[in-house]
Amino acid sequence: MDLATLLGLIGGLLVVLAAILVGGSAGMFIDVPSILIVLVGSLFVVLIKFSLKQFLSAVGVAAKAFKFRLPDTQALIDEVTEIARIARKEGFLALDGRDYSTPFLKLGIQMMVDGHPPEVVRTVLERERLLTLERHKWGAKVFTALGDVAPAMGMVGTLVGLVQMLSNMDDPKAIGPAMAVALLTTLYGAILANMVAIPIADKLNLRMTEEARQQAMLLDAITSIQNGVNPRVVETLLNSYLPPKLRKAEA
Amino acid sequence: MDLATLLGLIGGLLVVLAAILVGGSAGMFIDVPSILIVLVGSLFVVLIKFSLKQFLSAVGVAAKAFKFRLPDTQALIDEVTEIARIARKEGFLALDGRDYSTPFLKLGIQMMVDGHPPEVVRTVLERERLLTLERHKWGAKVFTALGDVAPAMGMVGTLVGLVQMLSNMDDPKAIGPAMAVALLTTLYGAILANMVAIPIADKLNLRMTEEARQQAMLLDAITSIQNGVNPRVVETLLNSYLPPKLRKAEA
Amino acid sequence: MDLATLLGLIGGLLVVLAAILVGGSAGMFIDVPSILIVLVGSLFVVLIKFSLKQFLSAVGVAAKAFKFRLPDTQALIDEVTEIARIARKEGFLALDGRDYSTPFLKLGIQMMVDGHPPEVVRTVLERERLLTLERHKWGAKVFTALGDVAPAMGMVGTLVGLVQMLSNMDDPKAIGPAMAVALLTTLYGAILANMVAIPIADKLNLRMTEEARQQAMLLDAITSIQNGVNPRVVETLLNSYLPPKLRKAEA
Amino acid sequence: MDLATLLGLIGGLLVVLAAILVGGSAGMFIDVPSILIVLVGSLFVVLIKFSLKQFLSAVGVAAKAFKFRLPDTQALIDEVTEIARIARKEGFLALDGRDYSTPFLKLGIQMMVDGHPPEVVRTVLERERLLTLERHKWGAKVFTALGDVAPAMGMVGTLVGLVQMLSNMDDPKAIGPAMAVALLTTLYGAILANMVAIPIADKLNLRMTEEARQQAMLLDAITSIQNGVNPRVVETLLNSYLPPKLRKAEA
Amino acid sequence: MDLATLLGLIGGLLVVLAAILVGGSAGMFIDVPSILIVLVGSLFVVLIKFSLKQFLSAVGVAAKAFKFRLPDTQALIDEVTEIARIARKEGFLALDGRDYSTPFLKLGIQMMVDGHPPEVVRTVLERERLLTLERHKWGAKVFTALGDVAPAMGMVGTLVGLVQMLSNMDDPKAIGPAMAVALLTTLYGAILANMVAIPIADKLNLRMTEEARQQAMLLDAITSIQNGVNPRVVETLLNSYLPPKLRKAEA
């Protein structure tokens, strides 16, 4: 899983937990009905906006996005340059049955090995690339929707609590704690939206952009290899995808 | 009706109802004047923004969108492939008088059977597709407007209640309940906007996009059939509209 | 005047009035200084953003937009089809001196009767159409600005009231009513923006779009008539501007 | 200076002043530290976003924009038609040394008199027009930034005041006035942003658009004159920049 | 470092500090747990949205952007005109080993000296320019994210503090100070976002635009020099990047 995202998620929540513990017992911050209204309520509202299939597949897409890291661009360039060398020296068939770092690369190589003409390979890979983008976009959209809905549900919960408290103010001592409980849903909504849902949606969008850029690079590379371009030229060409200081000195 | 939307609407409102019941009697949450100011007031304000005809037709469009489910893409591809086979073997006339899953498909087939030239069929279907989009857009726009207006009406109602409460504070015991009633319109506005109107508008926009994509696929298919493209090629072509793992193994 | 807009404006304000009357006397809701700060203050601020000429003409454009209804698309198609028939049978001169439903149509017919070449008629009408759009846009922009400014002026008024109340809290009994008066400007601002200015701006934008579409249709029709296209073909052509179920069966 | 803007600025502030005076002495509304935190603080934050040169030149651009009024479009058309007549009758040299209403027009005429070819005149004027737009955009951007920052600084000031008040609540009588002072920065921020900075930014953007349109008209006119187009045709051509009812009857 | 930005940052914070000191001791404004929740919490949440590498490199990009000032456009034009003169009189090789004001210019000159063909120089410099833009965009994005997150973390901190205060109201004297502490996180969040993070993001975006424009100018100049354009023409060409009053009188 992506280190920065995991670190940020856990670290952020630990900071809030620390702030709670410093101030006394954490017990007053846990209220099951409040958790239900924000978490379950938000999920139901998000469900209205999508179909069941999209909703479930989006969660899967997000999980998968965090489980598998994108390969390093430098490593990918090395791998592709090596492929170009083998293809040049031993022919396309020598590439059959090997292991590749991404399914996208594997699909492209397999089609090349199977002898499909370059324009077919290009069309299929381009369509594949757009479909991956589309599916990732769904994942990000569901989390964005959750980030929109959670604070609203938190506000609905707090209003419900305030109305209950205000309708029944016989015991002045109960007012403070009742209002504390009413505020809990706003707190839960703010945490769920700002520290979980929105950052994850942003991260998915970022990763989507990067994966699409890597696949564009692989598409360029495979087309070049299939057209018999010199492996060294392939490497030079792909180097433009790296920042200057990371580029290998071109021999 | 669309399952996820129905589930989300009912589930979300039940969660709020549960939160209300847990805290005591639900009676204090029902205030007829508050309901009128938010619900009727919002509808009047939405009415300002549209013409009567648009307003009414939009509700109809939404109702229809939820009543009729979009056919499954896979089933649609199977149906069109079958049509392509019949057209090839028995000629266009064999397609007359049969039943089709969508009116759009039916219109296209009928025009083909009636012998209209391909460019006329294409023009008419494309215009039909854009008109459907346009009408659905109206439905979504009315619900979006409701989602904008409802919280504002809730705030107006709460301000009216607060001014009344503040002008008359002789009985300290009445202050709490009066403020509770004042807050009710804000609560109603938040629920109407965030748990009903905005999610339905989002759902209509989503469905609109999907229907337009399905109709684009049908348009491609009908053009191919009319041009005598091989049924197997038609199927291969349409498969690109499915995610990879759902595609049938191409024999 | 447009029925839905009038109904919405009056209905919405009546609902708020009802809510006020239900809660007791309406007297406490009228405070002349508060009305001045929100209404006059907002108009002054809107004035900063425009020139005096634009400000005044915008109000006129809005008034005119509500006074004159757009002709029904169906009626307009019938009228134009009839014009095409007369032009075909009796020549362009037979169209002179008749009455037409819109000034735009009248201008086009007159230029045709006067013998201007088709490209000149088209250029002049297109320029006319864009100028009408531009002028309506000004109307909408002034109301949008009012919708932005009114809540801000309401907040300024409430802050002024709160500072006055807080600086002078000797009489506890006066605090409630003073705060009620302070809140009135926020209430006025919310009503002026959300129930009047923004809905009218939205309506003007909507009407602008519709008028531009009707004028595009008339422009197409006049060009066709001048080029001697068959009246029946003109009708068929224009029918695409109607939703399917409203189209007359084409004989 | 532009009348509507001056009227709006003074009128708006007078309305707020009147509301203050009606409620008692204005003394409690003046608090020097509060003024400093909002006004000076906002200017410092705006300074972070720009370079010193941009910041200062933007104020100059705004001042200049208000000091010099744009010439009336009608008067400009008359002037240009007259220039076209002189150029036709007496040749370009007769235009030398005369006075023109805008520097842009003067620059164009001077280049024509100096005998530069039409395409050079056009290129230089077009570049001039874009540079003027660019410089005005800076002026508007600085005021937009001020409009964003001022309410934030007002909130910072109010929070500082609230923390001070809450930390020291020994004297209940001091609470009200202390909170009044705390609210002053929010009030100042709201006035500075909503009644001064944002309206001026909007006005500068509007004027920018109008000046660019006038310069586009002058560019068209100068090109026509240099190409020897008939003065009457020049006038007809420029009339399209006026609304219909202001156009002179074309003789 | 950029003077205006440094001045604005320090000046703005001093103004807030002055407001704090005027109101009494600054001690009550320092609360370590509150600082941790806003500052550390915000950094963790920002971390979720990016990868560790992007996060760290963005800070570096920002630091570098403030340390090195962009050269003055006028000075750059003078330098490039001088280069054009030397290249004309003494040939490209005379440019070798000299010192240039920006690495971008140095790279271009070096490639020219090394004898690369113009289209290669252009392609490499254009790619370099886009990569610089891209890297600066990352810097701005991280600060924009911090500006979004900080107020949200401030609100979370305040809610935590309010819940703690409300749950435990036995000692009325402690309520004020407890609420003061609760408000501190909102204050910290507002200062961090509005007076530091957002202005720096805006500044980075502005600088990015300016640097890209300067590099576009240098790219034009180098292409002209390599194509042997007359140095005086090069100067005239580049002068269009200056406002009129700063242009040297063209001899």
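At-a-glance table
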{"read-out": "Euclidean distance between Cα centres, segment B:157-192 to segment C:205-235, Å", "value": "55 Å"}
{"read-out": "Where labels lie 7 Å past Cα in the beta-carbon direction, separation of C:Q74 and C:L14 in nm", "value": "2.8 nm"}
{"read-out": "Axis-nearest residue of B (beta carbon) for the B-onto-A rotation, whole Å", "value": "B:P172, 10"}
{"read-out": "With all protein chains modelled, accessible area of C:D202 [1.4 Å, Å²]", "value": "60 Å²"}
{"read-out": "Residue-span extension gain [B:A26 to B:H116] - 0.36 nm each, minus C-alpha spacing", "value": "26.1 nm"}
{"read-out": "Scattering profile of segment E:95-218 at q = 0.10, 0.14 Å⁻¹ [log10 I(q)/I(0), Debye over alpha-carbon scatterers]", "value": "-0.54, -0.73"}
{"read-out": "In segment A:44-144, trypsin sites (Lys or Arg not before Pro) in a DSSP loop with at most 13 other beta-carbon atoms within 10 Å", "value": "A:R69, A:R98"}
{"read-out": "Segment D:201-245 - Kirkwood radius from inverse mean 1/r over Cα pairs (Å)", "value": "11.7 Å"}
{"read-out": "P(r) tail fraction, segment B:19-81 - alpha-carbon pairs more than 16 Å apart, %", "value": "71 percent"}
{"read-out": "Inter-label distance, nm, simple model (7 Å from Cα along the C-beta direction), B:A63/B:A174", "value": "4.3 nm"}
{"read-out": "Cα-based Rg / Dmax (Å) for segment C:158-221", "value": "22.8, 76"}
{"read-out": "Copy-to-copy label separations for C:A26, where each label sits 7 Å from Cα toward Cβ, in nm and ascending", "value": "3.5, 3.5, 5.7, 5.7"}
{"read-out": "Segment E:1-137: C-alpha pair distances exceeding 22 Å, %", "value": "63 percent"}
{"read-out": "Tail beyond 15 Å, pair distance distribution of segment E:135-184 (Cα, percent)", "value": "56 percent"}
{"read-out": "Computed FRET value (nearest 0.05) for E:L6 with E:L56, which takes r as the C-beta separation and R₀ as 35 Å", "value": "0.90"}
{"read-out": "Reachable lysines from C:K89, criterion Cα separation under 24 angstrom, eight or more residues apart if same chain", "value": "C:K106, C:K248"}
{"read-out": "Total accessible surface hidden between B and A, rounded to 100 Å², 1.4 Å probe", "value": "3000 Å²"}
{"read-out": "Helical mean residue ellipticity (222 nm; -39500 (n - 2.57) per DSSP H run of 4+; nearest 500) of the protein assembly as shown", "value": "-25000 deg cm²/dmol"}
{"read-out": "Calculated on alpha-carbon atoms, Rg and Dmax of segment E:186-226 in Å", "value": "17.4, 58"}
{"read-out": "Whole-number accessible area per residue in Å² for the protein assembly as shown, which is evaluated in the context of all protein chains at 1.4 Å", "value": "46 Å²"}
{"read-out": "Share of carbon and sulfur in the accessible heavy-atom surface of segment E:106-251 [1.4 Å probe, %]", "value": "59 percent"}
{"read-out": "Coordinate range along principal axes, alpha carbons of chain D, Å, largest first", "value": "89, 39, 27"}
{"read-out": "1.4 Å probe, heavy atoms, protein only - residues of segment E:171-192 losing at least 40 Å² accessible area vs chain alone", "value": "E:G176, E:A180, E:L183, E:L187"}
{"read-out": "Equivalent ellipsoid semi-axes - Cα gyration tensor, the protein assembly as shown, angstrom", "value": "49, 42, 42"}
{"read-out": "Cα pair distances in segment E:8-53, grouped into 5 Å bins until the bin that holds the longest one, percent each", "value": "5, 17, 15, 16, 20, 12, 8, 5, 2"}
{"read-out": "Calculated label separations, E:H116, copies of the chain, 7 Å along the beta-carbon direction, nm", "value": "3.6, 3.6, 5.8, 5.8"}
{"read-out": "Largest-first principal axis extents of the Cα set of segment D:89-167 (Å)", "value": "83, 24, 14"}
{"read-out": "Shortest-first nm distances, A:L14 label point to equivalent points in other copies (7 Å, Cα→Cβ)", "value": "3.9, 3.9, 6.4, 6.4"}
{"read-out": "Whichever aspartates and glutamates have a C-alpha closer than 15 Å to that of B:K67, once near sequence neighbours (fewer than 8 apart) are set aside", "value": "B:D2, B:E211"}
{"read-out": "Spherically averaged projected area in nm², based on the convex hull that wraps the Cα atoms of segment C:49-125", "value": "7.2 nm²"}
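The values are calculated or read from the model by the stated rules, or taken from the named source; none is laboratory data. Keep in mind that what you see is a predicted model, and the values were worked out from it rather than measured. Counting neighbours? That spans all protein chains shown, and the Cβs are built from the backbone with ideal geometry, glycine included. With ligands, DNA and RNA removed, areas are computed over all heavy atoms of the protein, side chains included. Shrake-Rupley method; radii C 1.70, N 1.55, O 1.52, S 1.80 Å.
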